[in-house]
1. What percent of all Cα-Cα pairs in the range 21-88 falls into each 5 Å bin, going from 0 up to the bin containing the maximum distance?
2. Under the Karplus relation 6.51 cos²θ - 1.76 cosθ + 1.60, θ = phi - 60°, what is the ordered set of whole-Hz ³J(HN,Hα) values for the range 38-47, x standing for Gly and Pro?
3. Go through the range 4-9 residue by residue and turn each phi into a ³J(HN,Hα) via Karplus (6.51, -1.76, 1.60, θ = phi - 60°); whole Hz please, and just put x for glycine and proline.
4. Over the range 4-66, calculate the relative contact order: mean separation of alpha carbon pairs under 8 Å at least 6 apart, over the residue count, as a percent.
Amino acid sequence: MLWPNDVWATFKRLLKRAGLRSDIRIHDLRHAMASFWLAHGVPVKVVSERLGHANISITLQIYGHLLPNMQEQAAADMEAMFLGGTIHTSSTRTVVTHETQDTRDND
């Protein structure tokens, strides 16, 4: 059986061993994980469910500020779809490249 005081003491020892600040709370790990997921493209609905929020609006109220690049991402995806580009996705941004065809007459 897990006792809260044992979990807390173990957590504090792990923080010290890792060289981290001693004021980090276990709950802070929850926020860090949610932030990491959202920054790496995990859908908000999935993050909301993993956190156990009653609905997605709770997740968006808390973490919505982490999603400013979603509009840019959606626009880049649409641009690639319509212009035949390639979508290169990284953890923080999308780069759309377009292959151009040489339409000049080579005669």
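None of the figures in this text is laboratory data; all of them are computed from the coordinates on show. What you are looking at is a predicted structure, and each value in this text was computed from that prediction instead of being measured.
1. Going from the shortest bin to the longest, the percentages are 3, 15, 22, 18, 14, 12, 8, 4, 2, 1, 0.
2. 5, 5, 9, x, 5, x, 4, 4, 5, 4
3. Values per residue, Gly and Pro as x: x, 5, 5, 4, 4, 5 Hz.
4. Numbers: 28 pairs, mean separation 13.0, N = 63.
This gives 21 percent for the range 4-66.
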